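The values are calculated or read from the model by the stated rules, or taken from the named source; none is laboratory data. In this text the structure is predicted, and so the values were computed from the model without any measurement. Here Cβ is always computed from backbone atoms with ideal geometry, including for glycine, and neighbour counts include all displayed protein chains. Heavy atoms of the whole protein, side chains included, go into the accessibility calculation; ligands, DNA and RNA do not. Shrake-Rupley method; radii C 1.70, N 1.55, O 1.52, S 1.80 Å.
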Amino acid sequence: MSKRKGPPPIVYIALAAIVGGSGFWFLKNRPSSAGGPSLPTQVFQLGTSDLLVLGDTFSGYSTFRNAEFQSALADAEITLRYEDEFDQSARADRFSKGEADLMVTTLDQYLKHQPQGQIVGLIDRTVGADAVVLNTPQYGIKSINDLGKLTQEASQQGQPLKLVYAVDTPSEYLANVLDIRFEGFNLADFDVIEVAEASEAWALMQDPSQNIAVAVLWEPFVTQAQKAGHTVALSSKDAPNAILDVMVASDRLVKKNPETVSKVLSAYYRRIDTSMRDGTVLKAQIQTDGGLSSSDAAVVMQGIDFFTSVEANQWMTDGTLAKRIEATAAVLTLAGQLDQVPAQPDSYYTTDFISNAVANTQALIDVIKIDNPELAAILEGAAVQEQTTTPQLEASAVTAAPTIGNLQVTGEVKFATGSANIAPEGQQTLNQLAEEIKEFNVQTVAVRVIGHTSKTGSAALNQQLSQQRAQVVVNYLKQKGVGNNIVAEGKGFNEPLAGIAPADVKNQRTEIRLVRVN
């Protein structure tokens, strides 16, 4: 997350204590590379093996800058130097040239720049830190679906609306996710403004003369925007696995000194394990170093879910990380930032060096399980797993929920004429849609499957047919593993497409509408 300068993405509240403790460092805003003083490289002369880590000032990377962590490495005769390199391309290039031994970055940036190294550990995922925010006060828009008509009208008037995000950060990645996944969101419809950090994007959005319709922000600006009446269209809480931070070891280090990689991982995850007990110190540190109010600091503590070694190892061995690589690469490929989805996603990471860290964490779990089962559950990742439970909602609650937006349907959900039987082409389309829906949080996102027909035959018959078809789609998606609350709705021929004759076959369609339920 290059240029994560300013108050960072927030820390997930159930795991807020993960980076607690008196040693947590959060660095203040660094001016953009275009000007202003730069932060000095942090150098710790603690051992005899000298390693350089490239990263930035994102709070999720603070452990690598932490004095207590450095002391732990000193016991293993390792000196760690941490240097900020905000340009992700330059970070990867320097790393590949052998200037650094380790780097920390987001999964999308790792895949985009392909540095010469493998992922050896997982750091965190954001779960609410980043969000796409709509300018409701100025334009009255409350969902992604509202953007289509608005951008079309603005384009016809020769005054395209503006969208702003911090370039080369998770904000840009989220914008690409919406561009690819949602029917009413097209980046090409906007005059895109790229800034260095979210504070600049938020400042522009508050200026009515700038005509900013959409801003991609991170906390605490997301909460500030909501309080000012703006609408969160989609956040990383809705897509909790979209933004992932990883630790990468260079091929050179892995080949020449694999034991050092293992020692660094063990020390890192030991620090994570022992920092889970007290979140108040973390809050005070974030409040002071970020120049935040107490309430903003509390918000900042709700959006990063830090991995323990056990959870990271599970992701790397049960296929979860491989799926994340495929899904992330698919977004980058469709956005034109990657040539293709990798055929062997598991070649990008290795579990060879995390075993000692897992053994340490497991030993701690065994010791505390009886006296502190809640902490043991967090260390095992069970607390996060509990949040994948789908809340049981009435169909009426889903139907009445605020709209997020319609998913882009690639292909057609086809049925036999006058029938509710899905044609083979329709099954292929639904298979893809099922995988896309699985990306969304079952606790915050539900699905309305809305069936439409063309105006042929009686209204009653078409109403019944559209309901049956929608229900067949719901059943199919559930069969394919969609766990979200999902309801079927038939609209008959009551809502034809704009500019299309009611009897036109184009009106026979299925909408996959995501709604917010929490």
Q) Calculated from the structure, semi-axes √(5λ) of the Cα gyration tensor in Å equals which of [x] 43, 26, 21; [y] 48, 25, 19; [z] 39, 30, 22? A) [x]
**Q.** Whole-number accessible area per residue in Å² for the range 108-176, which is evaluated in the context of all protein chains at 1.4 Å
**A.** 32
Q | Calculated from backbone phi, Karplus (6.51, -1.76, 1.60) coupling profile of the range 448-454 in Hz, x at Gly/Pro | A | 10, 9, 10, x, 10, 10, 8
Q: Would you list which lysines come within 21 Å of Lys263, measuring only between C-alpha atoms, while excluding same-chain residues fewer than 8 positions from it?
A: Lys255
Q) Carbon and sulfur atoms: what percent of the 1.4 Å accessible area of the range 393-518 do they account for? A) 49
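Can you give the Rg/Rh ratio of the range 353-413, where Rg is from the C-alpha atoms and Rh is the Kirkwood radius?
Value, to two decimals: 1.29.
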Q) Taking the Cα atoms only, what angle lies between the long axis of helix 355-368 and the longest principal axis of the chain, rounded to 10 degrees? A) 90
Q: Tell me what the chain gives for mean residue ellipticity at 222 nm when only DSSP H runs of n ≥ 4 count, each as -39,500 (n - 2.57), the sum divided by the residue total, rounded to 500 deg cm²/dmol.
A: -11500 deg cm²/dmol
(Q) To the nearest 20 Debye, how big is the dipole of the chain about its Cα centre, given +1 on the beta carbon of each Lys and Arg and -1 on that of each Asp and Glu? (A) 920
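Run the numbers for Glu259 and Gln116: contour at 0.36 nm per residue of separation, minus the present Cα-Cα distance, in nm.
Contour length minus the Cα-Cα distance gives 49.6 nm.
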**Q.** Phi to ³J(HN,Hα) by Karplus 6.51 cos²θ - 1.76 cosθ + 1.60 over the range 398-409, Hz, x for Gly, Pro
**A.** 5, 4, 8, 5, x, 6, 8, x, 8, 5, 5, 8
**Q.** Val192 versus Asp207: modelled label distance in nm, points set 7 Å from Cα along the beta carbon direction
**A.** 2.1
Q: With θ set to phi - 60°, apply the Karplus curve 6.51 cos²θ - 1.76 cosθ + 1.60 along the range 413-428 and write out the HN-Hα couplings as whole Hz, x wherever there is a Gly or Pro.
A: 8, 8, 10, 5, 4, x, 10, 9, 7, 6, 6, x, 5, x, 5, 4
Q) Among bridges DSSP assigns within the chain, what percent are antiparallel (round to 5)? A) 65
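Give me the accessible area per residue for the range 395-518, probe 1.4 Å, as a whole number in Å².
46
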Q.
Heavy atoms of the protein only, probe of 1.4 Å, neighbouring chains included. What is the accessible area of Ile422 in Å², nearest 10?
A. 30
**Q.** Carbon/sulfur fraction of accessible area - the range 151-286, other protein chains in place, 1.4 Å, %
**A.** 45
Q) Do the alpha carbons of any pairs in Lys97/Lys162; Lys142/Lys491; Lys112/Lys256; Lys149/Lys237; Lys162/Lys491; Lys112/Lys149 sit beyond 29 Å of each other, and which pairs? A) Lys97/Lys162; Lys162/Lys491; Lys112/Lys149
Q.
Amide H of Ser49 versus every other amide H placed in the peptide plane: which residues, excluding those fewer than 5 positions away on the same chain, fall under 5 Å?
A. Ile78, Thr79
Q | Amide H within-cut-off set for Ala233, under 5 Å, with H built and near neighbours excluded | A | Val132, Val133, Leu134
Q: When a/c is below 1.5 the answer is rounded, else prolate if a/b is larger than b/c, else oblate, so apply that to the range 294-398 with a ≥ b ≥ c taken from the square roots of the Cα gyration tensor eigenvalues.
A: oblate
**Q.** Sequence-distant residues sharing a close amide H with Val445 (under 5 Å, placed H)
**A.** Val517
